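Novice: Pasting in a structure now, in structure tokens, and then I'll have a few things to ask.
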Amino acid sequence: MSVVIIGAGHAGVNVAFSLRKRKYSKPIYVLGDEREIPYSRPPLSKSTLIAELPKPEFLYGEEAYKDKDILLHLDAAVSKIDLENNKVFVKGEAFSFDHLILATGAAPRTLNICGSKLDGVFSIKTFQDAQRFSEGITDAKRLLVIGAGYVGLEVAAALNREGVNVCVTEAGERCMARTASPELSNYVESLHTKNGIEFRFSAQVDEIIGENGHVSGARLKSGELIQTDAIIVAIGSEPNTDLAEDIGLEVDRGILTKNDTCTSISNVYAIGDCARAALDDNAAIRLESIHNAIETADICAANITQQELPIKETPWFWSDQLPYNLKMVGITSDKSERLIRYDMDKKSYAVFHFADGKLLAAETVDMPRAYMFARKVMRSELSVKRELVSSLDVDFKDLIVAS
């Protein structure tokens, strides 16, 4: 018998290698539905889009899978899971398992409006998507980005730096509203605006207009017509839960799991973007990040090999936009006390979130020491001199209350 992993993204690949690192000796099958060897996803919305000859950045070379005796199957979309007989089916071929790991990821939300199927309308999830986009905008002078989340802003920034005129529409009132504080949203918007990117907030696209089968513009519900040569749809993602639902797993905006990646079925696990994990306060959260994919992969491997579970780190995220690096640690809250540290000369910026006197989260832009300070404080549960956090005259090490 064996472990079967459905999904060959960061989570699926890392759980396979983590199992081998933890001395799991039985067969491991990784079933990926793409043709490429598993690759890194973050470059797809950044460097891949503007490369002359885009190439995927592989997580591991082919030899690494052979060396660890990990059986990687590409172009292997799963059609059925037979829980009664512990089998997974791919194009008629059956894979038997002791443990089944769902690492099915998430898919971009679609925009189902008139004109959304025109040539020149793109979304990005896979390397093939990014390659098609790169090839399809060779002569584009104008780009419309629908959605001002992290992916939308990364795409906008990448094309802006290539001299393309970029406009971003957002149905909400500000950018990155789902995960970022209003302070960070406003600061990041100002950076993009200063670089020539236009924004339309509280703006819903009503229809996409085309000429000769190719996109030429988009009309907002306000009536405004935005002319463009290409459109990228970046309105968030939905977890891939179809297989989980087919076998009766508990699903609610993601595959529900415990902290140890276990699902409602004893030998089935869910990790990465498709999973929505329980928190200590009985709430649940679905995190989309490389850190979460790698962390849940290792927890799952420890669980299967019956080893001590690694301690979960405070969640952290990052994003590259224009020449700026954004790093966030912790889960922000609208109810937190927020303190700003801003270095105008360096254009570096940080928002510190406090609740009940403790540092809850930090959002930083080109302020790596602030980010590392926040991670250290939260990891060790240190106390901070909140009244001095905003002062550039006080070094980060001097903000920690001596024990």
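The values are calculated or read from the model by the stated rules, or taken from the named source; none is laboratory data. Every value quoted in this text rests on a predicted model; they were computed, and no experiment measured them. Glycine gets a Cβ as well: all are built from the backbone with ideal geometry, and neighbour counts include every protein chain shown.
Novice: Would you mind stating whether ASP320 is among the acidic types (Asp, Glu), surrounded by fewer than 21 Cβ atoms within 10 Å (Cβ to Cβ) and either at pLDDT below 95 or closer than 20 Å to SER40 by Cα (or both)?
Specialist: Spelling it out, ASP320 is indeed among the acidic types (Asp, Glu), surrounded by fewer than 21 Cβ atoms within 10 Å (Cβ to Cβ) and either at pLDDT below 95 or closer than 20 Å to SER40 by Cα (or both).
Novice: Can you tell me which residue among VAL168, VAL251 is touching a helix residue (DSSP H, G or I) at 6+ places or on another chain (Cβ under 9 Å) and not assigned by TED's automatic domain parsing to the domain that holds ILE81? Show your work before the answer.
Specialist: Values: VAL251 fails: not assigned by TED's automatic domain parsing to the domain that holds ILE81.
Just a single option satisfies the conditions, and that option is VAL168.
Novice: Just the residues that are under 23 Å from the mean Cα position of the chain (by Cα) and among the charged types (D, E, K, R), please, taken from the range 167-222.
Specialist: Answer for the range 167-222, where residues must be under 23 Å from the mean Cα position of the chain (by Cα) and among the charged types (D, E, K, R): GLU170, GLU173, ARG174, ARG178, GLU183, GLU189.
Novice: To continue, here is another question. Does PHE354 qualify as being outside any loop (DSSP other than H, G, I, E, B) and surrounded by fewer than 22 Cβ atoms within 10 Å (Cβ to Cβ)? Reasoning before the result, please.
Specialist: Details: outside any loop (DSSP other than H, G, I, E, B): yes; surrounded by fewer than 22 Cβ atoms within 10 Å (Cβ to Cβ): yes.
Taking the combined requirement at face value, the residue satisfies it.
Novice: For the range 36-135, which fully contained strands (runs of 3 or more DSSP E) count at least 2 residues that are modelled with pLDDT of 95 or more and more than 20 Å from LYS26 (Cβ to Cβ)?
Specialist: 106-108
Novice: Does ALA362 meet the test of being assigned to a helix (DSSP H, G or I) and within 23 Å of the chain's Cα centre (by Cα)?
Specialist: Taking the combined requirement at face value, the residue does not satisfy it.
Novice: Kindly indicate the residue of the range 243-276 that is among the hydrophobic types (A, V, I, L, M, F, W, C) and part of a loop (DSSP other than H, G, I, E, B) and also surrounded by the most Cβ atoms within 10 Å (Cβ to Cβ) among those meeting that condition.
Specialist: If we take residues in the range 243-276 being among the hydrophobic types (A, V, I, L, M, F, W, C) and part of a loop (DSSP other than H, G, I, E, B), then ILE271 is surrounded by the most Cβ atoms within 10 Å (Cβ to Cβ).
Novice: Something else now. Within the range 308-318, does at least one residue satisfy the condition of being more than 24 Å from MET372 (Cα to Cα) and either touching a residue at least 60 places away in the same chain (Cβ under 8 Å) or assigned to a loop (DSSP other than H, G, I, E, B) (or both)?
Specialist: yes
Novice: Pick out the one residue from VAL3, VAL15, VAL90, VAL30 that is β-branched (Val, Ile, Thr) and in contact with a Phe, Trp or Tyr (Cβ under 7 Å, 6 or more places away or on another chain).
Specialist: None of the other options fit; the residue is VAL3.
Novice: Give the range 226-255 a look and list any residue that's within 26 Å of MET176 (Cβ to Cβ) and hydrophobic (A, V, I, L, M, F, W, C), or say none.
Specialist: ILE226, ALA230, ILE231, ILE232, VAL233, ALA234, ILE235, ILE255
Novice: Taking the range 285-299 as the region of interest, how many residues are loosely packed, with under 15 Cβ neighbours inside 10 Å and either in a loop (DSSP other than H, G, I, E, B) or of a type in the set (Gly, Ala, Ser) (or both)?
Specialist: Summing the residues that are loosely packed, with under 15 Cβ neighbours inside 10 Å and either in a loop (DSSP other than H, G, I, E, B) or of a type in the set (Gly, Ala, Ser) (or both) in the range 285-299 gives 0.
Novice: Among the residues of the range 319-342, which ones are outside any loop (DSSP other than H, G, I, E, B), in contact (Cβ under 8 Å) with a residue 60 or more places away in the chain and either within 21 Å of the chain's Cα centre (by Cα) or over 29 Å from ALA156 (Cβ atoms) (or both)?
Specialist: Answer for the range 319-342, where residues must be outside any loop (DSSP other than H, G, I, E, B), in contact (Cβ under 8 Å) with a residue 60 or more places away in the chain and either within 21 Å of the chain's Cα centre (by Cα) or over 29 Å from ALA156 (Cβ atoms) (or both): SER319, ASP320, GLN321, TYR324, LEU326, MET328.
Novice: Let me ask something else. Restricted to the range 149-183, and to residues that are of a type in the set (A, V, I, L, M, F, W, C) and in a loop (DSSP other than H, G, I, E, B), which residue is farthest from VAL233 (Cα to Cα)? Steps first, please.
Specialist: Applying the first criterion (of a type in the set (A, V, I, L, M, F, W, C)) to the range 149-183 yields 151, 153, 155-159, 164, 166-168, 171, 175-177, 180.
Still in the list and also in a loop (DSSP other than H, G, I, E, B): 164, 171, 175-177, 180.
Values: VAL164: 17, ALA171: 12, CYS175: 15, MET176: 15, ALA177: 17, ALA180: 20 Å.
This residue is ALA180.
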